[in-house]
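Here the structure comes first, spelled out in structure tokens, and everything after it is commentary.
The values are calculated or read from the model by the stated rules, or taken from the named source; none is laboratory data. Here the structure is a predicted model, which is why all the values come from computation and not from measurement. Cβ atoms come from the backbone with ideal geometry, glycine included; neighbour counts cover every protein chain shown.
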């Protein structure tokens, strides 16, 4: 057996991902050494509570609650704590002390990416975060490297497994949002407090990271327009099925060309997509990222977006890659944000709406409503009138693309229109020719 | 504007991919410089005939027929000649002279990968070949880096667009093989001599590369079991549709555990897959690679597997990545083939067969045939008897998994059996639970 040099790895966090990383490092040490050209030696696992119950039994002697001290002893620090602090300080300190860093922390990379990238570049350190988006799916490296010579125009991803599970269940079983959320919670797909998932915060963090990498710029997470899925009713899902569409929570990163030059948009919201779009076939808690680039055309990356072993796979990929570079020498590749593109406000972003209205069931109503859309320069793509049920008729309107701001004005005007009893749903339409 | 240092790039070959690489380099020079941290200066384009007609008009002063001299002047050589020689010599000479190399040449990497990898590693040079498999689809880097910490068990890919187009057409329009091939030729999906595609040679080259990377070993292309698609009849496609399946030409790379330890198998053949498998939704000339790893689970990479601009995207991604590393310093990462796994002969590989037989329409025939399968320890999974048409009845048999050798013995025994008038088709079944 080859005698390899040893690289000291400090693991910060032993939750569902961390404990799997530890297990795989301990079980596959020889094979990983052969691939990395160095023995990846787990020197310690930083935890909050040494005695906590864990899925995987970890060697007691590796556990410590002194995370800073552990990190300071390592060649490579693997940060799997989640959240901003103490993760941010530990990662920055590790980089500044000359260690390389692997993190799966999307919230940290989304909120403090530029600071971390700068720190890594300044010292020539490696910083890898493949697990921060799409779990096991390789998407960071393809964006950073494989597509580095192309001009990405759009990234559209299902990047949150919990909400995809819920929406998929609503489609498959005709469940209400309430029931689907309860089922997702029961099965462990949703956390006790599902806010980060169902309100789109998790997806927004990922949109920030994807947009920043795809467009070589910085997209602050606060500038990601974000809407959650809780307003999606069983009726929206039924209407989608009638139209051959599917409701998905999408993270959309887009390059917009306009009279003022190039801008980017990053946004998260539930939207209708055609049933034959590749993203429509992404079921249960799976993730997929659909990338469109000028030369490459359409690409899709599909797989498990979460889960302990799945996310651990991405972390270990980063770890082995970093170890290989560590062994042969040379600094880490910097993340380039040279393009420095302005962010388009959501009001400027062209989208398409589907509206469902309850309208007075009398002649001339359709004309009145069409006039309102015309006044805001929004053209109608499809209209469907349902048989009246009582004094009102149900009207489903699909628009052509128009700036969000104008579409919102249409909604506001309809809301106060005398012939409109109620607006039953408003949902965007994406990926439609 | 930042003043960047300049890296000299020699482009060898100006076919459909090369001319697009040249165009993109010339059109997007500033943007690529900002990403790479160096100006990627196209110093020359090596061609066979300076006066040949090309899709893209190239600056006359860049064209040269002296490829060796051009390559010798460059920091990075981009080899897009295809075929073995002179590509191999030019690439080896470039590496030995200290240049980095990008190639899209699957035949070269498949036939001489280890020699090229060794040469690059010896001098610390970079060798990148993302475009050699799956065109625009990032698959090389995910296998080499993102999944470097995982244990890949299976790679199953649609890696040849021409054959996928033909089989897809047979499904969509009920066309015969002859008509579908003619249509693919007419539309430019198939070349005048389609042998490399329809006989599976192209897919076998890609299987070699995928298996070698996925399993960290060397799989010689001669040891890839290869069958083409020409025997696929309209009847096979019809039977597939009745069974809810799809016929695809697959490149399958598999890790096999057995009493003699671990072996690998790489093979190319048309097979039936379930209609709800993600690969079944890969239409026209698209490619997709489905990867299964122990921790990551199932992943899929989807996109354009060929085409000038699409493949150029992958070449440019490699070029920018190589330029970035060139600028900051450090050797290229070596391709690891430490595992050195034996190749399992096809006879040992467990597969499943579907057989369609014309059998004598008399009592006891079914029992006689079932006995033959039983004698070879092959168990039947499904059996379907069609109404007799004349003196023979049509029988469709599906087997459970058994070693190929035994399945072949069954076919041989049936072929000579007195009750079997003919064997109308034999096709494998893959990806079925």
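Residues in the stretch A:219-235 that are crowded, with 20+ Cβ neighbours inside 10 Å and either in the same structural domain as residue A:423 (by TED's automatic domain parsing) or farther than 26 Å from residue A:354 by Cα (or both): A:219, A:221.
The numbered conditions (1) over 27 Å from residue A:106 (Cα atoms); (2) under 15 Å from the mean Cα position of the chain (by Cα) are all true for residue A:211 except (1). Counting only residues that are assigned to a loop (DSSP other than H, G, I, E, B), surrounded by 17 or more Cβ atoms within 10 Å (Cβ to Cβ) and in contact with a strand residue (DSSP E or B) (Cβ under 9 Å, 6 or more places away or on another chain), the stretch B:335-346 holds 3 of them. Scanning the stretch B:226-236 for residues that are over 16 Å from residue B:164 (Cβ atoms) and in a helix (DSSP H, G or I) gives B:234, B:235. For residue B:317, the stated conditions hold: it is closer than 26 Å to residue A:310 by Cβ, within 7 Å of another protein chain (Cβ to nearest Cβ) and assigned to a helix (DSSP H, G or I). Selection of first residues in the stretch B:273-292 that are farther than 18 Å from residue B:142 by Cβ and of second residues that are part of a loop (DSSP other than H, G, I, E, B), restricted to Cβ pairs under 6 Å at least 6 apart or on distinct chains, gives the following pairs, ordered by first then second residue: B:273/B:430; B:273/B:431; B:274/B:432; B:275/B:244; B:277/B:431; B:285/B:189.
Residues that are without any contact (Cβ under 8 Å) to a residue 40 or more places away in the chain and farther than 23 Å from residue B:123 by Cβ: find the strands (runs of 3 or more DSSP E) completely inside the stretch B:1-100 holding 2 or more of those. Walk me through how you get there before you give the answer.
On the way: elements: B:6-12, B:39-46, B:76-79.
Ranges flagged: B:39-46.
Count of the stretch B:1-26 residues, restricted to those that are at pLDDT 95 or above and loosely packed, with under 14 Cβ neighbours inside 10 Å, is 2. Residue check: residue A:311 meets all listed conditions (1) over 19 Å from residue A:430 (Cβ atoms); (2) modelled with pLDDT of 95 or more; (3) surrounded by fewer than 24 Cβ atoms within 10 Å (Cβ to Cβ) but one, namely (3). Check the stretch A:287-302 and report whether any residue there is more than 30 Å from residue B:17 (Cβ to Cβ), modelled with pLDDT of 95 or more, more than 7 Å from chain B (Cβ to nearest Cβ) and touching a strand residue (DSSP E or B) at 6+ places or on another chain (Cβ under 8 Å). There is at least one residue in the stretch A:287-302 that is more than 30 Å from residue B:17 (Cβ to Cβ), modelled with pLDDT of 95 or more, more than 7 Å from chain B (Cβ to nearest Cβ) and touching a strand residue (DSSP E or B) at 6+ places or on another chain (Cβ under 8 Å). Going by the structure shown, is residue B:109 away from chain A (no Cβ under 14 Å), closer than 28 Å to residue B:198 by Cβ and buried (at least 24 other Cβ atoms within 10 Å of the Cβ)? Yes.
In the stretch A:146-166, the qualifying residues are those that are surrounded by 24 or more Cβ atoms within 10 Å (Cβ to Cβ) and away from chain B (no Cβ under 14 Å), and the one that is farthest from residue B:17 (Cα to Cα) is A:166. Tallying residues that are buried (at least 19 other Cβ atoms within 10 Å of the Cβ) and either more than 7 Å from chain A (Cβ to nearest Cβ) or within 20 Å of residue B:148 (Cα to Cα) (or both) within the stretch B:323-333 yields 5. Residues that are at negative phi, modelled with pLDDT under 95, surrounded by fewer than 24 Cβ atoms within 10 Å (Cβ to Cβ) and not in a strand (DSSP E or B) occur in the stretch A:248-263; there is at least one.
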